[in-house]
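Structure first, then comments.
FYI, it's all coordinate maths here, none of it is from the lab. Computed from a prediction, not measured in an experiment: that's the story for all the values here. Ideal geometry is used to build each Cβ from the backbone, glycine not excepted, and the neighbour counts take in all protein chains shown.
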Amino acid sequence: MGNILTFCEVTDNQLRVSSKAAISVSRDLASHHGGDVILLLIGKGTTNAQQDACNYGNQVIVVDDPNLEHYTAEIYAPIIEAIAKKNNVSSIVATATSVGKDVMPRVAIKMQSGLASDISAVVDKDQFKRPVLAGNAYATIQVSSPIMCVTVRQSEVDPAQPLPTPTSDIVNESAGTLSPIDASVLRIENSVSERPDLNEATIIVSGGRGMKNAENFSHIEKLCDLLGAAMGASRAATDAGFVPSDLQIGQTGKAVAPNLYIAIAISGAIQHLAGMKNSKFIVAINKDAEAPIFQIADYGLVATWEEALPLLMEEITKLKNTHN
Ligand SMILES: Cc1cc2nc3c(=O)[nH]c(=O)nc-3n(C[C@H](O)[C@H](O)[C@H](O)COP(=O)(O)OP(=O)(O)OC[C@H]3O[C@@H](n4cnc5c(N)ncnc54)[C@H](O)[C@@H]3O)c2cc1C
């Protein structure tokens, strides 16, 4: 028996939606291990996130400090380690976001534990399912160390729902006594976007090499803004410099599962599908009727984007106007 420690990310004083996938898996593990689900929040200014976290965990541990405003693995990993060692944990779980993927291998080394990375389900108390071969197969992996570290692929797991009764068990820990804060972030250069985060968007519109150049991506941007969608891209489009590489969806980019994924001028290579095939509805627009993207699309339109996008946007605008 041991508790399950869930590292939850906090952005702008809010619990990140992506962390709810880690909470789901933590609850599964707790049903095997018999312990509590303890949510760990680290950051500067976490009061709203704490309130939200009380709806999801049996206990909430907070490490709130002005020096923790910006994430660095060097500072966060020893804090997670110290909290894990104080709380009799059998597993430490995080969502496989860029932060989760960065910090958890360090935590695993510090805890001398095995790391089950990017898992899609809990099979047994120490066994997990994870996608392999660009999502074409699933492997069952087993962790043999007494304490396990786990990262969860958000697009494969339903987010946790609130508990019927929120907990009032909030423990505040002081960062300085857990671990020396001996690294600091000098400057952050955020990419500024009014659009939703790709990992949390319910609609994503992605463009591929067939968009031909960076300027043409303004058509995709317009469609995104009309739909309140996040913008994504294939690797061919990011490699060509049409859009920044943090928009890449796929095996070596982000794995997403929105309600609606619109793929425009994307062929549907296996490595792209690996990152978006779990989307609820997939719409593809491609001028080549043989493009593999049509094999997984729920709705497909064989047309050039030059013809299709203006008509699509006109129809969406009409629909929006009738509903307003
Ligand atoms: C190890 C490895 C990892 C990879 N990881 C990723 C990854 O994470 N994500 C990823 O996306 N790729 C990844 N790739 C690359 C992948 O194999 C493909 O090369 C890439 O996805 C192709 O992008 P694309 O569909 O935009 O381009 P293309 O395959 O060139 O397809 C362009 C499509 O646009 C259509 N088109 C052209 N003009 C128009 C028009 N005017 N109107 C409508 N349609 C048009 C064409 O018919 C075509 O289907 C990886 C490859 C490797 C080897």
Residue order, fewest to most beta carbons within 10 Å, for Glu306, Glu200, Glu194, Glu9: Glu194, Glu306, Glu200, Glu9
Student exercise, region 13-107 dipole from Lys, Arg, Asp, Glu Cβ charges, in Debye to nearest 20: 180 debye
Label-point separation in nm, Lys318 to Asp102, each point 7 Å along Cα→Cβ: 4.7 nm
Overall form of region 197-304 per C-alpha gyration tensor (a/c, 1.5; a/b vs b/c): rounded
Over the chain, equivalent-ellipsoid semi-axes from the Cα gyration tensor in Å: 38, 21, 18
Size of charge dipole - the chain - debye, nearest 20, with Cβ of Lys, Arg +1 and Asp, Glu -1, no other charges: 560 debye
Straight-distance crosslink candidates among lysines, where the alpha carbon sits under 30 Å from Lys222 and sequence neighbours closer than 8 are dropped: Lys212, Lys254, Lys277, Lys280, Lys287, Lys318, Lys320
In sequence order, calculated HN-Hα J values of region 206-219 (Karplus, 6.51, -1.76, 1.60; Hz; x Gly/Pro): 10, x, x, 4, x, 6, 6, 7, 5, 4, 5, 5, 4, 5
Among Ile293, Ile188, Ile119: highest mean-square fluctuation, GNM of the chain, C-alpha pairs under 10 Å: Ile188
Sites Val192 and Ile270 - FRET efficiency at Förster radius 41 Å, r taken between beta-carbons, to 0.05: 0.80
Ascending count of other beta-carbon atoms within 10 Å, so fewest first, for His70, His272, His219: His70, His219, His272
Sorted by Cβ density within 10 Å, fewest first, the residues Met1, Met148: Met1, Met148
For region 167-178, 3J(HN,Hα) per residue [Karplus equation, 6.51 cos²θ - 1.76 cosθ + 1.60, θ = phi - 60°, Hz, x = Gly/Pro]: 7, 10, 8, 10, 10, 9, 10, 9, 4, x, 7, 7
Within a Gaussian network of the chain (alpha carbon springs, distance under 10 Å), most fluctuating of Thr177, Thr252, Thr202: Thr177
Built amide H within the under 5 Å cut-off of Gly57, gap 5+: Thr167
Value of Rg/Rh across region 2-178 [Cα atoms, Kirkwood radius]: 0.94
